[in-house]
1. Kindly provide the set of residues from segment 140-198 that are more than 28 Å from residue 108 (Cβ to Cβ), β-branched (Val, Ile, Thr) and part of a loop (DSSP other than H, G, I, E, B), ordered by number.
2. Scanning segment 136-157 for residues that are without any contact (Cβ under 8 Å) to a residue 40 or more places away in the chain and among the acidic types (Asp, Glu), which turns out farthest from residue 237 (Cα to Cα)?
3. Looking at (1) out of contact with any helix residue (DSSP H, G or I) (no Cβ under 8 Å at 6 or more places or on another chain); (2) among the polar types (S, T, N, Q); (3) open to solvent by 60 Å² or more (accessible area, probe 1.4 Å), find the lone condition where residue 376 falls short.
4. For residue 63, all conditions in the list (1) surrounded by fewer than 18 Cβ atoms within 10 Å (Cβ to Cβ); (2) not in a strand (DSSP E or B) hold save one; what is the number of the exception?
5. Just one of (1) at pLDDT below 85; (2) out of contact with any strand residue (DSSP E or B) (no Cβ under 6 Å at 6 or more places or on another chain); (3) open to solvent by 30 Å² or more (accessible area, probe 1.4 Å) trips up residue 58, so point out which.
6. How many of the residues in segment 230-282 are under 30 Å from residue 80 (Cβ atoms), assigned to a helix (DSSP H, G or I) and either free of Cβ contacts under 8 Å to residues at least 12 places away in the same chain or in contact with a Ser or Thr (Cβ under 7 Å, 6 or more places away or on another chain) (or both)?
7. Those residues that are without any contact (Cβ under 8 Å) to a residue 60 or more places away in the chain, open to solvent by less than 40 Å² (accessible area, probe 1.4 Å) and aliphatic (A, V, I, L, M), I need them from segment 310-346; list them, please.
8. Contact list please: Cβ distance under 6 Å, first residue in segment 166-177 and closer than 15 Å to residue 197 by Cα, second residue polar (S, T, N, Q), pairs at least six apart or on different chains.
Amino acid sequence: DFYARASRLRGADTRFLIGLDEHGQKMQEAAKREGKSPQQFVDEKAAAFRALYGLLQVSHDDFIRTSERRHHAFAKEIYGRVLARGDIYKGFYEGDYCVSCEKAYTKSELVAGKCPVHESPTTVIKEDSYFFRLGKYRDAVRGHIESHPEFIRPAERRNEILSRLSEEVLDLSISRSTFSWGIPLPNDPKHVLYVWFDALSNYISALKQPEDLYERFWPADCHVIGKDIIWFHTVIWPAMLLSAGYPLPRQVYAHGFILDKDGRKMSKHLGNVVDPLEVVKDYSVDVLRFYFLRTFSSGLDGKFSMEDLEERYQSELGNDLGNLVMRIAKLVSSRLGGTVRTPGHPQELDAHETVREFFGHVDSREHHRAVESLWTYVRKTNAYLNDRQPWKLPDGPDLERVLATSVEAMRVIAHLAFPMMPA
C-alpha cells in the first residue's frame, strides 16, 4: 500500500491489485473439517480479509479471488497456450508434499523428515499428473535475472535464486486428480490445476475482466510477496510467461516476516501472538503503519515489540512530528489570524533533496530509508523553529516569513507522510 500510494503521489497511472489464492487441497480439507463446501468456506474467509484491508486503509483498485469465473477463464487460457507450445506432458508424480505450503520438497530440503517451514510431517503423494517443462526454461530465466539486476529485490534473494538455478531444475507437476477443488484442465477434466500454476496467473486475469486493462498495466512494475514464495514468483511464473508468450514483470520484491521481540516466530502455541486489531484500537491505524515501515528494514525479518512501538509513538510521532504541527498551527493561528499571506524563504528549509532522496528509496524498494529521509527533514524543520524562535519575534515581516517557511515545510512533510499515514 505504501508503494502504491507513493506512485500515485507522483502522478503515475497506478493500479494496485491484491487478492486471495483460494484453491487447493488445503482449502478443501479445511472446509470439510468445518462441514462446509469449499466455496462457502472461502467466501467467509474473503469477507474477513476484505474487512481487515479496509480497517488498515489499504487503497487497492481491485481484489481478485482465484475462485472467480474471470480468473478461471484466463488460467485456462494460459494453460492452453503452454500446452500448445508443447511444454505440458502427462506423467507420474511421486514426492514428499506439504499440504500447508502446497509445495513438494526433495529429501534434502526436509528437516528431520519434516517440512522446513511448518515443521510438520509431509505427505507422500503418488498419482498421475501433467507436468510443465520447467527445466527447459532454467537457462532463460537465469539469463533474465543476470541481465536485469533490478528484477529481484533485495539482492540477497536474487543471489539465493541464482544459486538454486545453478543446479538442475526439475519439471513441475501442475495437476492433481486426488481432490476436486480447483480449475479443471480443459484437456482432461478429471485433473485440476496445481494451485501455484493456477494462482500465479491472477496477476493478468485481473487485467482482463471486468474491463481490459492489460495494455495499460502489464508488465507489472512490481510484485510484492513474502520471501517464502519467491521461487514460485521468480522462476515458475517467469517460465510460464516465457512459454505462453507474455512479457515478464519488471520486478519481484520479497519482504520478510514479523517476529516477536525475541526474534521467534509468532504462534498460538508459544503464546506470543499480537492481535493487530488491538494495536489499532489503542494507537490508530496510522501508528501501526508507521511502526512497520519505519522499523522493519526492507526485505528482512523484523521484531515486533509493543515497548518499541510505544517509545517511537512518544518520541517520533509525539515529539518530532506532533509538537512540530502544534507549534506551527498555534503560532499561525494566534499571530497571523490563521492565514499565511507572505511568501516564505523555502531555501532556508529546501525540500528538493529530501523529495529526491525519498522517491529514490521508494524506487529501490527501501521504505525504511524513505521514512528516514522524511524524518531527517522533520527534525531539520524543528531545528529551524528552535533557531528562529518565532514566538519571540515581534509582529512584522520577519515573523511572517519564518512562519510561511515553516508552513511550506509542513506541506512537504504532510505529502511525503501520506503513503505511510494516510489518515
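1. 183, the sole residue that qualifies.
2. So the residue we want is 146.
3. Result: residue 376 passes all but (1).
4. All conditions pass for residue 63, except number (2).
5. Among (1) at pLDDT below 85; (2) out of contact with any strand residue (DSSP E or B) (no Cβ under 6 Å at 6 or more places or on another chain); (3) open to solvent by 30 Å² or more (accessible area, probe 1.4 Å), the lone unmet condition for residue 58 is (1).
6. Counting residues in segment 230-282 that are under 30 Å from residue 80 (Cβ atoms), assigned to a helix (DSSP H, G or I) and either free of Cβ contacts under 8 Å to residues at least 12 places away in the same chain or in contact with a Ser or Thr (Cβ under 7 Å, 6 or more places away or on another chain) (or both) gives 1.
7. Correct list: 317 only.
8. From segment 166-177, the pairs are 173/129; 175/129.
The values are calculated or read from the model by the stated rules, or taken from the named source; none is laboratory data. Keep in mind it's a predicted model, so treat the numbers as computed, not measured. As a convention, Cβ positions derive from the backbone with ideal geometry for all residues, glycine included, and neighbour counts pool all protein chains shown. Ligands, DNA and RNA are stripped out before the accessible areas are found, and what is left, the full protein with its side chains, is counted by its heavy atoms. Shrake-Rupley method; radii C 1.70, N 1.55, O 1.52, S 1.80 Å.
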